[in-house]
Amino acid sequence: MNRMSAAVIAATLMTTLPAFGQQTVDELEKEISRIRKELVQVQNERSTTKDQMKTDREEFDTYRQSVLTKMRTLRAETDSISSLQGSFKQKKASLEGAVLGYRSQQRQYDLLQEQFREKLLLATSSVEMRAKRLTPTAKEKPMAAASLLRSELSSKSVDNVEAVARLFQIARDMDGAGSTIQIVQGTSPVADIRGTAFRLRLGTLAEVVVSQKGDKAAIWTGVNEAGVDQWKVISDPAVAQEILTAVTIREGKAIPRMVKLPFANAVVYKEGSIQ
């Protein structure tokens, strides 16, 4: 029995001594037994409380340890995020530098493309001017193609790569026209030769027109300052018949033979002018 229990018993005895003579031994034993039970109950409650406090302390320690662990994990994650943010900032700065470099290169590329486009425009205009010197039937296709290309280059509706390919194709067509003989049947381009007529083109140097009857013909002599085709009318039926014979031979409608064509007045080219 500890000091507290002894003190409780002593206090109880002091309060009960005056009436001790009046009480029986049984009653005293009952009182002592009751006090003992109360003391045992108090002791049990203290033990229970002590155990509960120990349990609470252990749970608190476990909780505290868990909180500390979570805090350490959170700090580690925070440090990792800070490190990632630093890395991201470096990558962002590097990417921004790369983007600025790319934009600078793109501006230079666009400038070069624009300069090249201007050169293509000049080249197309030059090809178009050369095409004007060709005979009427030889220049129709290249002039139309060059005019369309020049328009699209001016409006930037065609890229430079396609424009170069088309310009080379126009030049090839012009070169090809110089080595071919062409016969066209249709409306006469000469006012003095009415109705349907035949047009005979020899390369890109000479072209003649003859009526279907072979009674009148005309030879192309170039273009004037306005770019209009000029024709010299030949009223000699014999010459016209020779031209019509050449047409029929070329078409395979007559036996081949030598014919004399009036190309003594063929167009003569001089640098910077057309005669």
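Annotations for the structure displayed:
- Of T48, A240, L121, farthest towards positive along the dipole that unit charges on Lys, Arg, Asp, Glu beta carbons give the chain: A240
- To the nearest ten degrees, helix 25-132 and the longest principal axis of the Cα atoms of the chain are 10 degrees apart.
- For the chain, built as a Gaussian network whose Cα springs stay under 10 Å, the top-fluctuating residue of S147, S47, S83: S47
- Cα-based helix-to-principal-axis angle, 136-155 vs the chain, degrees rounded to 10: 30 degrees
- Cross-link check: pairs K30/K54; K139/K232; K92/K156; K92/K119 evaluated at a Cα-Cα cut-off of 29 Å; pairs beyond the cut-off: K30/K54; K92/K156; K92/K119.
- Our coupling estimate for the stretch 238-249, obtained by passing each phi through the Karplus curve with A = 6.51, B = -1.76, C = 1.60 and θ = phi - 60°, is 5, 5, 4, 5, 4, 5, 5, 5, 4, 5, 5, 5 Hz, Gly and Pro reported as x.
- For the stretch 176-193, backbone phi angles converted through the Karplus equation (6.51, -1.76, 1.60; θ = phi - 60°) give residue-by-residue couplings of x, 5, x, 10, 10, 10, 10, 10, 10, 10, x, 5, 5, x, 9, 5, 6, 10 Hz, Gly and Pro being listed as x.
- Less than 5 angstrom separates the built amide H of G222 from those of Q230, all sequence-distant by 5 or more or on a different chain.
- Note on the stretch 180-274: with charges restricted to the Cβ of Lys and Arg (+1) and Asp and Glu (-1), its dipole about the Cα centre is near 320 debye.
Where a number appears in this text, it was derived from the coordinates with a stated rule and is not lab data. Since we're looking at a predicted model, the values are computed, not measured. Don't worry about glycine lacking a Cβ; one is built from the backbone with ideal geometry, like all the others, and counts go over all protein chains shown.
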